[in-house]
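Note sheet for the following structure.
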Amino acid sequence: MADRPYIMLGIESSCDETAAAIVGSDKTIYANEIASQIAQHAQYGGVVPEVAARAHLEAIDLVIEKALQTAGFALSDIDAFAATAGPGLIGGVAVGTVTAKAIAAARQRPYFAINHLEGHSLSARLADSVAFPYLLLLVSGGHTQLLAVAGPGQYHRYGTTMDDAAGEAFDKCAKIMGLGYPGGPAIEAAAQQGDATAIALPRPLKGADHCHFSFSGLKTALANKFKQLGGAEKAPVNDLAASLQAAIADCLADRSHHAMAQFRRDYLQASASAPPVLVIAGGVAANKYIFAQLADTASKNGFRLSVPPAALCTDNAAMIAWAALERHQQNAGDSDGFDFAPRPRWPLDAHASPPPGRGVRA
Ligand code: KG4
Ligand code: ZN
C-alpha cells in the first residue's frame, strides 16, 4: 500500500459554511461538501455569531457523513483529520476543531490545526500546479492581503487593509442599497446592467508607495451618492453597483501592481525562465470583472494569473484538507497536539509590519 495516496478529511466552520472534504495527497478531491447558513443569516443582513455556532453544531455530523458517502469511504479509510483552528468566529471554530480532534483521538490518527488563511493561500496548488514562491492576493469577507508565499508556513505580508476588507465593502454597500446578503454576487449581478463610468467614486490609496488597502471611505462615498441620488426610491442602483465594482477592482489592481514590483525585487532571479505567478484566492476572486482587471494588470507586469475554481475560492473544506496535506508532505511527523487551542486571530506573517496610520487586522 506504500504508493496509495495519503487521505485527509478536512473540516471548515470558521464563518457561515459548515464544510467537510476528503482529499488525497495526489490532489484527488473525493468529496467537497458544504452546508451553507446564508439563508439563516440573510434576514439579519450579515453573519450573527450565535446563530452560526448553533447551525455548525447541527450540521457538522451530517456534512462529515455526506462527505464519506460521496467519497465511498469509511472513517477507517481516512489517514488523518484536519480542521480550521482560526482565525474566525470562535464558536464555529470550536465546533469544527473539537469534532476533528474527537474523531482523530478515537481512531488514533494525526490531527492538523489549520489556519483558514493558509487554506485559501495554498488552494491554488490544489487546483493548478503553481510552484513556490508566488504572489497572493487574498480577498475575502474578512481579509484583503497581499502576500509572498514561499512555502507552507512561510509568508511575507506586503499589505493588508487598514479598515474594511474588500468583501466587507461589497457586503456593506449591498446592504445600503437593499441588494441583500451576501453582497458580492448581488452587486456583480446588478453591475451587469449598469454603467461603470456613471458615478464618480474615489480610489482610496491608489498610487500610494506601499501595498496596503483602505475601503471604508469608498463605502461612505457610495452611501452618500445613494442618498443624494434619491435613495431606495430613485437611486440608479445598477449604475452605483457597476461604479462600486469598478472602484474596488481598480484599487485591487493598483495595489497588486505595486506588490508585483516588490515581489520581483525580493524573489525573482533575472535568469528565471518561467513567468512569476499572481494567485487570487478568497470569495471576492469569484468576481468576473475583478478577475478580468487583474488578468490585465498581471499580464502587463509579466505575471501569469492563477485563480482556483469558484468552489475552491469561497470557503470550503478541500482547501483545509489540502493545507494539512502540504504540511504532511513537507514533514510526515508535523501534526498538532490535541491541546492546540483555537485562535480567533492568527496572522500568516507574525512579523508583518503594520500599515501606516490606523489599526490593523490580523
Ligand atoms: O472567502 P469567503 O467565502 O469567506 C470569508 O472567508 O470571508 O468570502 C466571502 C466574501 C463575501 O464578502 C462575499 O460578498 C464575497 O466574498 N464574494 C464576492 C463574490 N462572491 C463572493 N464578492 C464579489 N463578487 C462576487 N462574485
Ligand atoms: Zn475564507
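Quick check: is even one residue across segment 55-72 within 28 Å of Gln40 (Cα to Cα) and within 16 Å of ligand 2 (Cβ to nearest atom)?
The answer is yes; a qualifying residue exists.
Restricting the search to segment 276-304, which residues are surrounded by 19 or more Cβ atoms within 10 Å (Cβ to Cβ) and in a strand (DSSP E or B)?
Correct list: Val277, Leu278, Val279, Ile280, Ala281.
Among the residues of segment 343-362, how many are open to solvent by less than 70 Å² (accessible area, probe 1.4 Å), in contact with a strand residue (DSSP E or B) (Cβ under 7 Å, 6 or more places away or on another chain) and modelled with pLDDT of 80 or more?
5
Residues in segment 3-27 that are at negative phi, open to solvent by 50 Å² or more (accessible area, probe 1.4 Å) and at pLDDT 95 or above: how many? First the steps, then the outcome.
Going residue by residue through segment 3-27, those that are at negative phi are 3-26.
From what's left, open to solvent by 50 Å² or more (accessible area, probe 1.4 Å): 3-4, 26.
Then drop every residue that is not at pLDDT 95 or above, which leaves 26.
Matching residues across segment 3-27 total 1.
Looking at the structure I just gave you, is Ala232 modelled with pLDDT under 95, over 27 Å from Tyr134 (Cβ atoms) and open to solvent by 20 Å² or more (accessible area, probe 1.4 Å)?
In short, yes.
For segment 127-135, state whether one or more residues are under 24 Å from Ala295 (Cβ atoms), part of a helix (DSSP H, G or I), away from ligand 1 (no atom under 11 Å from the Cβ) and within 17 Å of the chain's Cα centre (by Cα).
Yes.
Applying the selection to segment 196-219, what residues are among the hydrophobic types (A, V, I, L, M, F, W, C) and not in a loop (DSSP other than H, G, I, E, B)? Steps first, please.
Residues of segment 196-219 that are among the hydrophobic types (A, V, I, L, M, F, W, C), as a first pass: 196, 198-201, 205, 208, 211, 213, 215, 218.
Passing the criteria: Phe213, Leu218.
The rows are residues; the columns are (1) out of contact with any Phe, Trp or Tyr (no Cβ under 9 Å at 6 or more places or on another chain); (2) over 29 Å from Ala311 (Cβ atoms).
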| site | (1), (2) |
| --- | --- |
| Val130 | yes, no |
| Leu137 | yes, no |
| Ala169 | no, no |
| Gly178 | yes, no |
| Glu188 | no, no |
| Ala198 | yes, yes |
| Gly207 | yes, yes |
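Specify the residue that is farthest from ligand 2 (Cβ to nearest atom); the eligible residues are those in segment 157-172 that are in a helix (DSSP H, G or I) and closer than 21 Å to Asp254 by Cα.
Start the filter on segment 157-172 by keeping residues that are in a helix (DSSP H, G or I), which leaves 166-172.
Of the ones still in play, those that are also closer than 21 Å to Asp254 by Cα are 166-170.
On the way: Ala166: 12, Gly167: 9, Glu168: 12, Ala169: 16, Phe170: 14 Å.
Only one residue tops the list, namely Ala169.
The values are calculated or read from the model by the stated rules, or taken from the named source; none is laboratory data. Quick caveat, the model's predicted, so the values are computed rather than measured. Note: ideal-geometry Cβ built from the backbone for every residue, glycine included; neighbour counts use all protein chains shown. Heads up: the accessible areas ignore ligands, DNA and RNA and are worked out on the full protein's heavy atoms, side chains in. Shrake-Rupley method; radii C 1.70, N 1.55, O 1.52, S 1.80 Å.
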